[in-house]
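Structure first, then comments.
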Amino acid sequence: MAASCVVLLALALTLLLLVAWKRWRWGRAARHVIVVVLGDVGRSPRMQYHALSLAKCGFSVTFLGFCTSKPHDELLQSDRIQIVSLTEVQRLAGSALAVEVDVQEASSLHLSPVSLSQNPPGLPAIAVCWFAGCLCGSKLVIDWHNYGYSIMGLVHGPGHPLVLLAKWYETLCGRLSHLNLCVTNAMREDLAENWGIKAVTVYDKPASFFKETPLDLQHQLFMKLSRTYSAFRACSEPSDSGMERSAFTERDAQSGTVTCLPGRPALLVSSTSWTEDEDFSILLAALEKFEQLIDDGESLPPLVCVITGKGPLKEYYSRLICQKHFQHIQVCTPWLEAEDYPLLLGSADLGVCLHRSSSGLDLPMKVVDMFGCCLPVCAVNFQCLHELVKHEENGLVFEDSEELAAQLQMLFSKFPDPAGKLNQFCKNLRESEQLRWDESWKRTVLPLITDT
């Protein structure tokens, strides 16, 4: 099954790129880049940012990937970006994966001098892009987000034949590229020392729309989410019919003034792909300890814990959450529209990250986004986390549920406390004047793409 999926994907990609080759126009292709993602375009933020930055710098972009989730509106509205969709369909006979490519879209595609491919997943995209490049003279750029074999190893074990084959494939095909980008200095060093691949570090940076959310927009978001999720609904209706209330805010309909409710719950946010490299039992155990502290009389607020995202382990953790009988904590697991996610982060009080890199060499983009919103983070420790999270400066690093529970207790003690540690972290993030994606991309990637 898996082998047939890979073969069919390879054939589909090859045919698509050869259709483009037949319509080759060097004059039109000179400022054209193909961005390849063998995943959901809407859940590939870094590749969306690459595409947007290329478009803003005058390139025309063809974005090839699966269109399961809606990408950012800015991507859809750009007249320089064309999304070519690969649609998963079940063959009428058998259960093999087929790939259906919209012929009209494919016929308008022009292969470019540059193909930018994400890894992982890189099987079979890297090999196909390299093969097409050999035929057409285009150059391959690989953006290393992690190692695909290390992710497979979480499921099958590091010694499994499929994992070893995937590692061989990545090592071989990675050396065929003309340019390699990667997400951390630790990965850059590992690629050089163990793979013989020279790469340039391009750190994830928050896009411009990740910022603190004004109170009126917070209220609009909370009211919108309250229609679906009870955690955002007010515990009681306001006595004045001219007031509109969420669990966190209240709006005077006559004046339009929005205020925070006294005694409101604290808003804790995490996001996840619900995969094996994130153990949410750590957070649930910490929340149980937090609940016990409230029962013991500690001066702590009730919590609303929002865990956003889609993924294979969501049902498993949803069942675990349902088994908990929290009295002071509400947990909800929504999938948010692309435009609502930055608003939620900019409205929250604390972020939690449970990402443990399968390779130990990539960084969680969710933390980058949280920092863009000046949202402090508690993050589980792993090898290169120090490249992003500075303990006691922009957040805290923990090892287990006991340590996370203690951090939650310290940060939310006497909430909201203007003199507390949580507010100090927010202030540090505001004063750090973080570099945004577009500016960072122009400094690092644009000169490389132009010279490729």
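The values are calculated or read from the model by the stated rules, or taken from the named source; none is laboratory data. Note that the coordinates shown come from a computational prediction; the quantities given were computed from them, not determined experimentally. Cβ placement follows ideal geometry from the backbone for every residue including glycine, while neighbour counts extend to all protein chains displayed. The protein model used for the area step is the full one, side chains on, heavy atoms only, and it has no ligands, DNA or RNA in it. Shrake-Rupley method; radii C 1.70, N 1.55, O 1.52, S 1.80 Å.
Which of the residues belonging to segment 296-321 are closer than 16 Å to GLU276 by Cβ and among the hydroxyl-bearing types (Ser, Thr, Tyr)?
Hits for segment 296-321 are TYR316, TYR317.
Looking at segment 189-200 only, could you name the residues that are within 17 Å of SER117 (Cα to Cα) and without any contact (Cβ under 8 Å) to a residue 40 or more places away in the chain?
The answer is ILE197, LYS198.
Go through (1) closer than 21 Å to ARG46 by Cα; (2) of a type in the set (S, T, N, Q); (3) part of a helix (DSSP H, G or I) for SER177 and report which single condition fails.
Of (1) closer than 21 Å to ARG46 by Cα; (2) of a type in the set (S, T, N, Q); (3) part of a helix (DSSP H, G or I), only one is false for SER177: (3).
Would you be able to say whether some residue in segment 218-235 is in a strand (DSSP E or B), among the charged types (D, E, K, R), outside the structural domain of GLY148 (by the TED database) and open to solvent by 10 Å² or more (accessible area, probe 1.4 Å)?
Yes, segment 218-235 contains at least one residue that is in a strand (DSSP E or B), among the charged types (D, E, K, R), outside the structural domain of GLY148 (by the TED database) and open to solvent by 10 Å² or more (accessible area, probe 1.4 Å).
Quick check: anything in segment 92-101 modelled with pLDDT of 55 or more and open to solvent by less than 30 Å² (accessible area, probe 1.4 Å)?
No, that holds for no residue.
Residues in segment 68-82: is at least one surrounded by fewer than 23 Cβ atoms within 10 Å (Cβ to Cβ), of a type in the set (A, V, I, L, M, F, W, C) and modelled with pLDDT under 90? Break it down into steps so the answer makes sense when it comes.
If we filter segment 68-82 for residues that are surrounded by fewer than 23 Cβ atoms within 10 Å (Cβ to Cβ), which is where we start, we get 68-70, 72-82.
Those still in the list that are of a type in the set (A, V, I, L, M, F, W, C) too: 75-76, 81.
Okay, now just the ones that are also modelled with pLDDT under 90, so none.
No, segment 68-82 has no match at all.
Quick check: anything in segment 293-302 assigned by the TED database to the domain that holds LEU411 and closer than 19 Å to ARG233 by Cα?
yes
Looking at segment 386-423, which of its residues are over 26 Å from ARG264 (Cβ atoms) and charged (D, E, K, R)?
Within segment 386-423, GLU387, LYS390, GLU392, GLU393, GLU399, ASP400, GLU402, GLU403 qualify.
Name the residues in segment 55-64 that are open to solvent by less than 70 Å² (accessible area, probe 1.4 Å) and either under 20 Å from TRP335 (Cα atoms) or among the charged types (D, E, K, R) (or both), would you?
If the condition is that a residue be open to solvent by less than 70 Å² (accessible area, probe 1.4 Å) and either under 20 Å from TRP335 (Cα atoms) or among the charged types (D, E, K, R) (or both), then no residue fits.
Within segment 333-363, track down each residue that is assigned to a loop (DSSP other than H, G, I, E, B), surrounded by 21 or more Cβ atoms within 10 Å (Cβ to Cβ) and in contact with an Asp or Glu (Cβ under 9 Å, 6 or more places away or on another chain).
If the condition is that a residue be assigned to a loop (DSSP other than H, G, I, E, B), surrounded by 21 or more Cβ atoms within 10 Å (Cβ to Cβ) and in contact with an Asp or Glu (Cβ under 9 Å, 6 or more places away or on another chain), then GLY346, SER347, LEU354, SER357, SER358, SER359, LEU361, LEU363 are the ones that fit.
Can you tell me which of GLN330, GLN292 is open to solvent by 40 Å² or more (accessible area, probe 1.4 Å), modelled with pLDDT of 95 or more and not in a helix (DSSP H, G or I)?
GLN330
Of everything in segment 159-206, what is at pLDDT 95 or above, surrounded by 15 or more Cβ atoms within 10 Å (Cβ to Cβ) and of a type in the set (Gly, Ala, Ser)? Give them in sequence order.
ALA186, ALA199
Quick check on this structure: which one of LEU109, LEU135 is at pLDDT below 85 and assigned to a loop (DSSP other than H, G, I, E, B)?
Going through LEU109, LEU135 in turn, the sole match is LEU109.
Look at SER299 and say whether it is surrounded by fewer than 19 Cβ atoms within 10 Å (Cβ to Cβ) and of a type in the set (S, T, N, Q).
Judged against the criteria, SER299 is a match.
Confirm whether ILE197 is assigned to a helix (DSSP H, G or I) and β-branched (Val, Ile, Thr).
no
Given the condition over 26 Å from ILE307 (Cα atoms) and under 24 Å from the mean Cα position of the chain (by Cα), answer yes or no: does some residue in segment 221-235 qualify?
Initial filter on segment 221-235 (over 26 Å from ILE307 (Cα atoms)): none.
The answer is no, given that none of the residues of segment 221-235 is over 26 Å from ILE307 (Cα atoms) and under 24 Å from the mean Cα position of the chain (by Cα).
Confirm whether SER271 is buried (at least 20 other Cβ atoms within 10 Å of the Cβ) and assigned by the TED database to the domain that holds THR308. Write out each step before concluding.
Details: buried (at least 20 other Cβ atoms within 10 Å of the Cβ): yes; assigned by the TED database to the domain that holds THR308: yes.
Yes: the conditions hold for SER271.
Tell me whether segment 236-250 contains one or more residues that are in a loop (DSSP other than H, G, I, E, B) and under 26 Å from LEU354 (Cβ atoms).
yes
Would you please name the residue that is most open to solvent (accessible area, probe 1.4 Å), looking only at residues in segment 251-268 that are within 22 Å of TYR341 (Cβ to Cβ) and part of a loop (DSSP other than H, G, I, E, B)?
Result: ARG264.
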